[in-house]
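What follows is one structure encoded as structure tokens, with my remarks underneath.
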There are 2 protein chains.
Amino acid sequence: MPKLFIPGPIDVSKETFAAMSQPMIGHRGSEFEALYASLQPGLKELAGTTRPVFLSTSSAWGVMEASLRNLGGKKVLNLCNGAFSDKWFDVSKKIGLDADKIQVEWGQTIDPEAVRAKLSEGGFDLVTLIHNETSTGVMADLEGIAKVVKSFPGVLLIVDSVSSFSAVPIEMDKLGIDVLLAGVQKALALPPGLTVFAVSEDAMARAKETPNRGYYFDFLEFAKNAEANNTPSTPAISLLFGLQQIMENIAAEGVSNRFARHASNNAMIHAWGEKHGFKNFAPEGNQSVSLTCFATPESLDLSAFIKTLKTKHGFVINGGYGKIKGTTFRISNMGNETTETMQELIDAMDDVLG
Amino acid sequence: MPKLFIPGPIDVSKETFAAMSQPMIGHRGSEFEALYASLQPGLKELAGTTRPVFLSTSSAWGVMEASLRNLGGKKVLNLCNGAFSDKWFDVSKKIGLDADKIQVEWGQTIDPEAVRAKLSEGGFDLVTLIHNETSTGVMADLEGIAKVVKSFPGVLLIVDSVSSFSAVPIEMDKLGIDVLLAGVQKALALPPGLTVFAVSEDAMARAKETPNRGYYFDFLEFAKNAEANNTPSTPAISLLFGLQQIMENIAAEGVSNRFARHASNNAMIHAWGEKHGFKNFAPEGNQSVSLTCFATPESLDLSAFIKTLKTKHGFVINGGYGKIKGTTFRISNMGNETTETMQELIDAMDDVLG
């Protein structure tokens, strides 16, 4: 089976699969509680929070929608600059919220001052932001946007880190992020099916006042069960075993070393692109460090490049997402990759380019 | 690690874990579509339907709530006789539906004629039923209740098979079940994190008319994506690989042989209980064939029995759920168990009983 360098799901290590293959345990007993508790310190460190980190048996969209349902107030502002952030606006309307958006071109980033101008119109009490727009390789100015949002009292900020979680520092508490969420099939290098998220005290207070939160994604149910190191519904136990192995790995490597490794692996791909004259689709200063999105040059037969890379070398990269499919291509460096494995990919890509 | 004979999660085989350890594939490509398509014939056979079987990355509660949200009409009738069916009534109210219930004692079964009387009061357009109340070991009179519900035009029937799916025949189309769902950590013997479900044409038509279905659990999104052998959101790929292995196993064994094996394994536990004078908590004629729930006799020190069985023999059975914890205990025979493995458990239990 070819190895994935697409921006999620990514390659899962043998050690993670071995951890996931541990015999089942009941989820209403002390063994499960110990498993749950063991995950908390590392997840809190990665999220930059002292709040409990909840474990949702769902992909990220479940928690993205849940955040709207739990905190849905008067009016939500969706910050849109790619496939996933654009869709969050659609989902806001789908669940019946009053929603407005700032829309910029895919590949561009949202200016914090544009957020200030929009929020100044008044009436908003919720903002959604994708930290790492995996469709375009753009990393948002999280600090700048959070600072603006926090200057409007009563406006809560929901952030889907997507492919940045565990690849770059995120300071949830310091920045005043109200919901921070991440699917585990991105930089955490697990198979999909689990989303980790944390909720600020302000957001929990808002949730308490929000009717029709439902059951499966009710933040209050997550909080109540978290006190007993448990989940409201039957959790994806194998993925939690896998996450435990990943968190042990991260602790052994050291969080700052992990961040540095992602940065240097990412720099290798940037240098490779530069050598070939490939233009980064994301603007300087707002480029993701866990994946790279290149504009496809006219001289490149992208389909043939991707196909030969897979059939000849067993590596899979991605040929662009949604409306920029074909005109861009994406290479992930997140998860367990090393200088050596990135070099293998680069050598293979160079071989195919000839 | 001890082997689980609790009614879910249950023991997962080495072969299933090996299948789950296959390298990741992208979920928007032909390999994933082939995986998805390969699951359909077997799942349809188990559900007794020609409708597509959807794959939800969630535990069963997600789809139980989703069924209410997608079909929620004027008034729902919840049939309550155990922990999970009782909770379905609470969840109905939690999401703002007008809900009424038939409540009988835990361990009892719901009389189809009681359903007829209640529905005759008028105003209902939705009924929820737990087929196999895993908290009490009671199997509902699915055929009798479905027949009654179907005699009321415009009333839709939602059935959570729970621990009966793949252990007994279920005829969704023939009985006119409108939503049939099952978590995979019961008789399918996978780790938790995935729920399979099918939706009738009538229920899909109702969903189309229902506002605020949301996104993550929107039946229309599932139907649209199913046409392309895909899921609305990133699916739990490893669990789908595992399910593929299970479905191949089921095809090799033969569905009717699988049903017969569950019946005979269950009979072994019944006979064992009879030998010791243990009373079945479920009434004759409505006893589950995938698990057995016994009333704890006064002469039995249940905690000591369970503890010694685990420490001395490495087998885990369950000491009762919710308000019948301690006064009942439960033994699962679902999944991959054989005459030999059930006999090992029985010998161990006899050894502990002395």
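Could you please find all residues in segment B:129-157 being among the hydroxyl-bearing types (Ser, Thr, Tyr) and closer than 21 Å to B:Gly8 by Cα? Once the filter is applied, which keeps residues that are among the hydroxyl-bearing types (Ser, Thr, Tyr) and closer than 21 Å to B:Gly8 by Cα, segment B:129-157 yields B:Thr134, B:Ser135, B:Thr136. Every listed requirement among (1) in contact (Cβ under 8 Å) with a residue 12 or more places away in the chain; (2) closer than 22 Å to B:Thr57 by Cα; (3) in a helix (DSSP H, G or I) is met by A:Lys87 save one, (1). Any residue that is surrounded by fewer than 19 Cβ atoms within 10 Å (Cβ to Cβ) and in a helix (DSSP H, G or I) - is there at least one of those in segment A:211-220? For segment A:211-220, residues surrounded by fewer than 19 Cβ atoms within 10 Å (Cβ to Cβ) and in a helix (DSSP H, G or I): present. Would segment B:276-287 turn up any residue that is crowded, with 16+ Cβ neighbours inside 10 Å and farther than 19 Å from B:Val162 by Cβ? Checked segment B:276-287: at least one residue is crowded, with 16+ Cβ neighbours inside 10 Å and farther than 19 Å from B:Val162 by Cβ. If you go through segment A:181-192 one residue at a time, do you hit one that is within 26 Å of B:Met64 (Cα to Cα) and in contact with a Phe, Trp or Tyr (Cβ under 8 Å, 6 or more places away or on another chain)? Yes - at least one qualifying residue is present in segment A:181-192. Any residue in segment B:7-17 that is more than 19 Å from A:Lys3 (Cβ to Cβ), in contact with a Ser or Thr (Cβ under 9 Å, 6 or more places away or on another chain), basic (Lys, Arg) and away from chain A (no Cβ under 13 Å)? No, that holds for no residue.
Test A:Lys74 against the criterion of being among the basic types (Lys, Arg), in the same structural domain as A:Arg213 (by TED's automatic domain parsing) and at pLDDT 95 or above, and give yes or no. No: the conditions fail for A:Lys74.
Against the list (1) surrounded by fewer than 14 Cβ atoms within 10 Å (Cβ to Cβ); (2) away from chain B (no Cβ under 13 Å); (3) more than 25 Å from A:Glu344 (Cβ to Cβ), the condition A:Val255 fails is (1).
Of everything listed in (1) polar (S, T, N, Q); (2) farther than 30 Å from B:Thr327 by Cα; (3) not in a loop (DSSP other than H, G, I, E, B), the single unmet condition for B:Asn230 is (3).
Among the conditions (1) more than 16 Å from A:Tyr216 (Cβ to Cβ); (2) within 13 Å of chain A (Cβ to nearest Cβ); (3) among the hydrophobic types (A, V, I, L, M, F, W, C), B:Phe217 misses just one, which is (1). The numbered conditions (1) touching a residue at least 40 places away in the same chain (Cβ under 8 Å); (2) charged (D, E, K, R); (3) surrounded by 14 or more Cβ atoms within 10 Å (Cβ to Cβ) are all true for A:Lys312 except (3). On the stretch given as segment B:39-83, residues that are within 11 Å of chain A (Cβ to nearest Cβ) and part of a helix (DSSP H, G or I) total 9.
A quick yes/no check of all residues on (1) small (Gly, Ala, Ser); (2) touching a Pro at 6+ places or on another chain (Cβ under 7 Å); (3) part of a loop (DSSP other than H, G, I, E, B):
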{"site": "B:Thr136", "(1), (2), (3)": "no, no, yes"}
{"site": "B:Ala146", "(1), (2), (3)": "yes, no, no"}
{"site": "B:Pro153", "(1), (2), (3)": "no, no, yes"}
{"site": "B:Leu181", "(1), (2), (3)": "no, no, no"}
{"site": "B:Ala187", "(1), (2), (3)": "yes, no, yes"}
{"site": "B:Leu190", "(1), (2), (3)": "no, no, yes"}
{"site": "B:Val196", "(1), (2), (3)": "no, no, no"}
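Against the list (1) within 17 Å of B:Thr128 (Cα to Cα); (2) at pLDDT 95 or above; (3) away from chain A (no Cβ under 14 Å), the condition B:Ser92 fails is (3). When segment A:19-38 is filtered for residues that are without any contact (Cβ under 8 Å) to a residue 40 or more places away in the chain and in a helix (DSSP H, G or I), the ones remaining, listed by number, are A:Ser30, A:Glu31. Residue count for segment A:169-202 satisfying the condition of being surrounded by fewer than 23 Cβ atoms within 10 Å (Cβ to Cβ) and of a type in the set (Gly, Ala, Ser): 2. Across segment A:328-354, the number of residues qualifying as surrounded by 14 or more Cβ atoms within 10 Å (Cβ to Cβ) and part of a loop (DSSP other than H, G, I, E, B) comes to 5.
Of the residues contained in segment A:198-213, none is found to be under 25 Å from B:Arg213 (Cβ atoms), without any contact (Cβ under 8 Å) to a residue 40 or more places away in the chain, within 8 Å of another protein chain (Cβ to nearest Cβ) and in contact with a helix residue (DSSP H, G or I) (Cβ under 9 Å, 6 or more places away or on another chain). Just to be sure before I move on: is A:Leu181 within 8 Å of another protein chain (Cβ to nearest Cβ) and touching a residue at least 60 places away in the same chain (Cβ under 8 Å) in the structure I sent? No; evaluated as a whole, the condition is false for this residue.
Counting only residues that are part of a helix (DSSP H, G or I) and either surrounded by 14 or more Cβ atoms within 10 Å (Cβ to Cβ) or within 14 Å of chain A (Cβ to nearest Cβ) (or both), segment B:95-123 holds 6 of them. Within segment B:264-284, the set of residues being free of Cβ contacts under 8 Å to residues at least 40 places away in the same chain and of a type in the set (Gly, Ala, Ser) comprises B:Ala267, B:Ala271, B:Gly273, B:Gly277.
If you scan segment B:216-249, which residues turn out to be within 17 Å of B:Ala198 (Cβ to Cβ) and either polar (S, T, N, Q) or not assigned by TED's automatic domain parsing to the domain that holds B:Phe54 (or both)? The answer is B:Asn225, B:Asn229, B:Asn230, B:Thr231.
Only residues that are under 20 Å from B:Ser59 (Cβ atoms) and not polar (S, T, N, Q) were counted in segment B:181-225, giving 26. Only one entry of A:Gln244, A:Gln287 meets the criterion of being among the polar types (S, T, N, Q) and either within 13 Å of another protein chain (Cβ to nearest Cβ) or farther than 22 Å from A:Thr16 by Cβ (or both), and that entry is A:Gln287. Of all residues in segment A:182-239, those being over 21 Å from the mean Cα position of the chain (by Cα), closer than 21 Å to A:Leu157 by Cα and among the hydrophobic types (A, V, I, L, M, F, W, C) number 5.
The values are calculated or read from the model by the stated rules, or taken from the named source; none is laboratory data. This one's a predicted model, so the numbers in the text were calculated from it and none came from an experiment. When we count neighbours, we look across all protein chains shown, and the Cβ atoms used for this are built from the backbone with ideal geometry, even at glycine.
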